[in-house]
Number of protein chains: 2
Amino acid sequence: MSQTAYVEIAGGITSPLGFTAAGAVGAIKYERKDVALVYSDREAAAAGVFTTNIVKAAPVLLTMEHIKDGKARAVVANSGNANACVGPQGLEDARAMAGEAAQQLGLAAEQVLVASTGVIGQPLPMDRVLSGVRQAAAQLSREGGHDAAIAIMTTDTVAKEAAVTVELGGVQVTIGGMAKGSGMIHPNMATMLCFITTDAAINSDLLHQALTGAVERTFNMITVDGDTSTNDMVLVLANGAAGNRPISGEDADYAAFGAALEAVCRKLAIACAADGEGATRLLEVRVHGAATRQDARLVARAVASSSLVKAAVFGKDANWGRIICAAGYSGASFNPDVVDIFVGDIQVAKNGGALAFNEEKATGMLSGRQVIFTIDLHNGEHSATAWGCDLTYDYVRINGSYRT
Amino acid sequence: MSQTAYVEIAGGITSPLGFTAAGAVGAIKYERKDVALVYSDREAAAAGVFTTNIVKAAPVLLTMEHIKDGKARAVVANSGNANACVGPQGLEDARAMAGEAAQQLGLAAEQVLVASTGVIGQPLPMDRVLSGVRQAAAQLSREGGHDAAIAIMTTDTVAKEAAVTVELGGVQVTIGGMAKGSGMIHPNMATMLCFITTDAAINSDLLHQALTGAVERTFNMITVDGDTSTNDMVLVLANGAAGNRPISGEDADYAAFGAALEAVCRKLAIACAADGEGATRLLEVRVHGAATRQDARLVARAVASSSLVKAAVFGKDANWGRIICAAGYSGASFNPDVVDIFVGDIQVAKNGGALAFNEEKATGMLSGRQVIFTIDLHNGEHSATAWGCDLTYDYVRINGSYRT
């Protein structure tokens, strides 16, 4: 096995050695599992990436503070309430969540990272939240990863888990993760929570560097509705339980670890896009031939974000005019007269103009659970891929109902 | 009457002296009026503002060329086909439209401005287009303004017209206009065509300056779906038929004219937002207390553009959390902890947090044809207003149907 090859396995947040998890019923908004706890049996290097929204929820602010030392032992998260825009009470409540988890687990509060997702502007019902934390702490197990993944869901329709193994210097390490997505999903973090664990040994600076790179190409390339939320975060804890030689430089082990980490991020990010609120199909937008990487990213994200493109995907309409229009306002530089566009493997536009194509076959390409648009700008060497979903009646229903 | 006061009157593109218009049936896409012609009986100063999309339709490119000398005599426009992304044929067809109109009217082709709106990527059916141009030329009249406004509609549900009078140095001048909007509507021009006429005498440089300022505060502050189209333009023709002392400097007449021109733009822009595809209500977002004008504009536009805010407006949900979230990712700088938010005249958030309010009354405020959100950032002196509409099932239906 090559040192850079990773292998996908079934599993999630508790697949790496030394991690346990649980999902408990706090009944914060509904009578359901809504408090997740992830625990490492030893100190772990920790890194995080957070929402760029200047309106940051209290748990985001607290976790940014707790992760500053590059170390953590546990993550506690709730769904059903974002603990955002509730004044000074928000930070007190986030601290109480960390404190309760720490007390149950025999840790210092600073070793616990906190996340919340759900409705904005309502104070957390702390009695139910803390009860959930206590239950979760009592239920921690290797088998609890799936329950934890369920507990962070909001309008998600499926739990999102991923795990890979990779050999580092002959030692097998595992990376596992879980995520929730659905609405307020847009590049630069979303109402998106993602927690990743690994038993690899790696220092926190390199862990942060690997995470940032992976997020840039995965979570920051998905969009559901263009709204960047107040609560997003991706956290990774690396506890070294696998016993590999600690990664302390940008060597082959680091490259292999980074590729494996990115694979977990990519799988979870795509799962978030595919399960976007109301979505019936995943949209993958591949851009080639851009003059710069930034141009490729701009075009891919603009096309995946366009309401008109998304509605056309819902309607199985190979409407390449909307695709080139979105590319044109993306901010990227290119010559429209040389652009080629493909729907699946069918070319629908050549040199920026219409091409006769089999519409029945194109409609077929648009009828599956996944649609791939490929745009070749013929303007350079750079590529990027973005993921989104269709815009459907259900998106409007889910978000247009009173008090969702 | 103060020199800066304008008066709204019933009317449109043919209200100013010296202008005639017509709307003819070219049957380009459907059997309906789809070719509009506007004619000035004497040379007019002309100015235009065009889409910022780098994918520009052929008529946009041709009109930018024809308007370079600051003069024009006529505008010919069709709906049903955008004449965009059809290769070199596009420019030939746009030239043929200008040429046919010029021949019918005894003008040079360079005196005719051209616009198109409709589906992207399909060649114009020129026999029908030119037949429509000939019919329109034969039907030009002072009464034809409304027909012209109908002929440029696509998915618009109502024709959009406006007219005002204003006194300049004791002489009454009139400004009239028509617009079409509906989909692909977003700041920096939209699938939005707007034609304005005036019998004021003003040189083309000042006309352009006045237009740019007005568009910046009106058309560039509306959004329907975030998609900036390939075909947008706002044109204004000023033929001097009113006999005012020509405006040749930034004096009181210029200020009065500019305010009147902006009033026409504002009315037409708001009409486009209110008639956005599938919209049931107009959303007006007022931002106060921003540190800079740019910050105020960013926040107003981000909130009016947010899919989640728009869906909440559809659902009559006073969901201020989505409003502050959108403000937070707008790129503007402010302190979330001091922000106040109002729905109509009901304050729903104070200092960035929830405020107990009468939900029934708030739902009432959200039930009309117009919803006003006011956001006070308490961070400075600057204000801006943006307009949008709700996101509805009908938006998805209109844009998610095969071959719209």
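The values are calculated or read from the model by the stated rules, or taken from the named source; none is laboratory data. Bear in mind the structure is a predicted one, so any value in this text is a computation, not a measurement. Ideal geometry is used to build each Cβ from the backbone, glycine not excepted, and the neighbour counts take in all protein chains shown.
Residue by residue through the stretch A:28-59, note down the ones that are of a type in the set (Phe, Trp, Tyr), within 21 Å of the chain's Cα centre (by Cα) and more than 14 Å from chain B (Cβ to nearest Cβ).
Within the stretch A:28-59, A:TYR39 is the sole residue that qualifies.
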Does the stretch B:235-246 include one or more residues that are among the small types (Gly, Ala, Ser) and at pLDDT below 90?
-> no
Which members of the stretch B:117-145 meet the condition of being more than 22 Å from B:GLY176 (Cβ to Cβ) and among the hydroxyl-bearing types (Ser, Thr, Tyr)?
-> B:SER131
Hey, any hits in the stretch A:299-313 for a residue that's under 30 Å from B:GLY278 (Cβ atoms), at pLDDT 90 or above, of a type outside the set (A, V, I, L, M) and in contact with a Cys (Cβ under 8 Å, 6 or more places away or on another chain)?
-> yes
So which residues in the stretch A:364-380 are charged (D, E, K, R) and more than 23 Å from A:PRO336 (Cβ to Cβ)?
-> A:ARG369
For the stretch B:1-57, the count of residues that are of a type in the set (D, E, K, R) and more than 22 Å from B:GLN103 (Cβ to Cβ) equals 5
Of the residues B:ARG245, B:ARG281, which is within 14 Å of another protein chain (Cβ to nearest Cβ), of a type outside the set (Phe, Trp, Tyr) and either on the phi > 0 side of the Ramachandran plot or touching a residue at least 24 places away in the same chain (Cβ under 8 Å) (or both)?
-> B:ARG281
Across the stretch A:284-316, the tally of residues that are crowded, with 24+ Cβ neighbours inside 10 Å, outside any helix (DSSP H, G or I) and facing chain B (nearest Cβ under 10 Å) stands at 1
Within the stretch B:349-376, residues in a loop (DSSP other than H, G, I, E, B) and either more than 7 Å from every other protein chain (Cβ to nearest Cβ) or surrounded by fewer than 18 Cβ atoms within 10 Å (Cβ to Cβ) (or both) come out as B:ASN351, B:LEU355, B:ALA356, B:PHE357, B:ASN358, B:LEU366, B:SER367, B:GLY368, B:ARG369
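Listed here are the residues, each with its yes/no results for (1) more than 14 Å from every other protein chain (Cβ to nearest Cβ); (2) within 15 Å of B:ALA279 (Cβ to Cβ); (3) among the β-branched types (Val, Ile, Thr); (4) in a helix (DSSP H, G or I).
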site	(1), (2), (3), (4)
B:HIS378	yes, no, no, no
B:SER383	yes, no, no, no
B:GLY388	no, yes, no, no
B:ASP394	no, yes, no, yes
Hey, does the stretch A:203-213 have a residue that's over 21 Å from the mean Cα position of the chain (by Cα), in contact (Cβ under 8 Å) with a residue 40 or more places away in the chain and not in a helix (DSSP H, G or I)?
-> yes
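Yes/no matrix, rows are residues, columns are (1) free of Cβ contacts under 8 Å to residues at least 60 places away in the same chain; (2) closer than 18 Å to A:ALA210 by Cα:
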position	(1), (2)
A:GLY48	no, yes
A:PRO59	no, no
A:LYS71	no, yes
A:ALA77	no, no
A:VAL86	yes, no
A:ALA98	yes, no
Per the filter on the stretch B:321-348, residues at the interface with chain A (Cβ under 9 Å from one of its Cβ atoms), part of a helix (DSSP H, G or I) and surrounded by 14 or more Cβ atoms within 10 Å (Cβ to Cβ) are B:GLY321, B:ARG322, B:ILE324, B:CYS325, B:ALA326, B:ALA327, B:GLY328, B:PRO336
Applying the selection to the stretch B:284-303, what residues are more than 13 Å from B:ILE323 (Cβ to Cβ), among the hydrophobic types (A, V, I, L, M, F, W, C) and in contact (Cβ under 8 Å) with a residue 40 or more places away in the chain?
-> B:ALA290, B:ALA291, B:ALA296
Of A:ALA290, A:ALA327, A:ALA349, which residue is among the small types (Gly, Ala, Ser), within 15 Å of A:HIS378 (Cβ to Cβ) and touching a His at 6+ places or on another chain (Cβ under 7 Å)?
-> A:ALA290
Do you know which residues across the stretch A:100-122 are within 14 Å of chain B (Cβ to nearest Cβ) and in contact (Cβ under 8 Å) with a residue 40 or more places away in the chain?
-> A:SER116, A:THR117, A:GLY118, A:VAL119, A:ILE120, A:GLN122
